[in-house]
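Okay, so here's the structure we're looking at.
The values are calculated or read from the model by the stated rules, or taken from the named source; none is laboratory data. Because the structure is a prediction, the values reported are computed rather than measured. Don't worry about glycine lacking a Cβ; one is built from the backbone with ideal geometry, like all the others, and counts go over all protein chains shown. Just so you know, the surface numbers come from the protein's heavy atoms only, side chains and all, with ligands and any DNA or RNA stripped out. Shrake-Rupley method; radii C 1.70, N 1.55, O 1.52, S 1.80 Å.
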Amino acid sequence: MTLRIALMSVAAALLASAATAQDMSAFETGPVFEGFGPHAAITGVETFAPDTELSHSFDVADPAKDGARNRGFESAARFINMHVANGVAEENIHTAVVVHGKAVLDLLSAKGWEAHERESENGSAAMVRAMLDHGVRFIVCGQSATAQGVSADQLIEGVEIDLSAMTAHAKLQQRGYTVNPF
């Protein structure tokens, strides 16, 4: 009986791992950001009216793994890529990324990265620069920056700092931004 239970456990684990394996072959990047922000085409979904406007914010507290891009930042790029690919004008998409906790370190400039004696390179820096250049706002929680020992002059140029992440979200919501729920 013990062997049967063990075999059933192994089979269940194999099925679970197969079910969670992701097929990324249907995903592509662009049309706004090439090389990041992958999305898949979905047939049968409602199309967007030509005048659709989206104002959406992302809350990011989890830092990237060493040398990798921050997944929360990349989600914002995916949001833009998939909506532009599906007919929403890029200029009608207003996106803000509110960053707090240790994720603040993923917004360090090269100078800031050195000052914090980080081992690997900032894997998010090039992506953040490209997103800033396309009008994405990155807003750092001042409370988290202080807790992480980050000063405003150590951030990538164009990154904003506010009193707190809560303050930034409150201001954005007053301007009609919805908050990404995950």
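Worth a mention:
- Label-to-label distance, nm, for residues given as residue 55 and residue 68 (7 Å Cα→Cβ offset): 3.3
- Helices of the chain meeting both criteria, an alpha-carbon length of 24 angstrom or more along the long axis and an average Kyte-Doolittle score not below -0.5, with helices taken as full DSSP H segments, are 2-20.
- Residues of type aspartates and glutamates that residue 171 reaches as a straight line, Cα spacing below 17 Å, ignoring anything fewer than 8 places off in the same chain: 59, 160, 162
- Here the contact order of the chain, divided by its residue count and restricted to Cα pairs under 8 Å and six or more residues apart, works out to 22 percent.
- Here's the list of aspartates and glutamates a cross-link from residue 65 could span, going by alpha-carbon distance under 16 Å and ignoring same-chain residues fewer than 8 apart: 74, 106, 117, 119, 121.
- FRET efficiency estimate (nearest 0.05) - Cβ-Cβ, residue 170 to residue 43, R0 30 angstrom: 0.20
- Stokes-Einstein D in µm²/s, Kirkwood radius over Cα pairs - the chain at 10 °C with 1.306 mPa s viscosity: 88
- Two-site FRET efficiency, residue 151 against residue 90, from Cβ-Cβ distance with R₀ of 35 Å, rounded to 0.05: 0.60
- Cα Rg, Dmax, region 76-165, angstrom units: 13.9, 43
- Taking the 1.4 Å solvent-accessible surface of region 17-171 as the whole, the part contributed by carbon and sulfur is 51%.
- Average accessible surface for region 85-134: 48 Å² per residue, computed with a 1.4 Å probe over protein heavy atoms with every protein chain in place.
- Amide proton proximity set for residue 123, modelled H, under 5 Å, gap of 5+: 67, 68
- If the segment from residue 126 to residue 163 were pulled out straight at 0.36 nm per residue, it would be longer than the present Cα-Cα gap by 10.7 nm.
- Largest mean-square fluctuation among 57, 25, 151, in a Gaussian network model of the chain whose springs join Cα atoms under 10 Å apart, belongs to 25.
- Restricting region 83-157 to trypsin sites (Lys or Arg not before Pro) that sit in a DSSP loop and have at most 15 other Cβ atoms within 10 Å of their own Cβ leaves 118.
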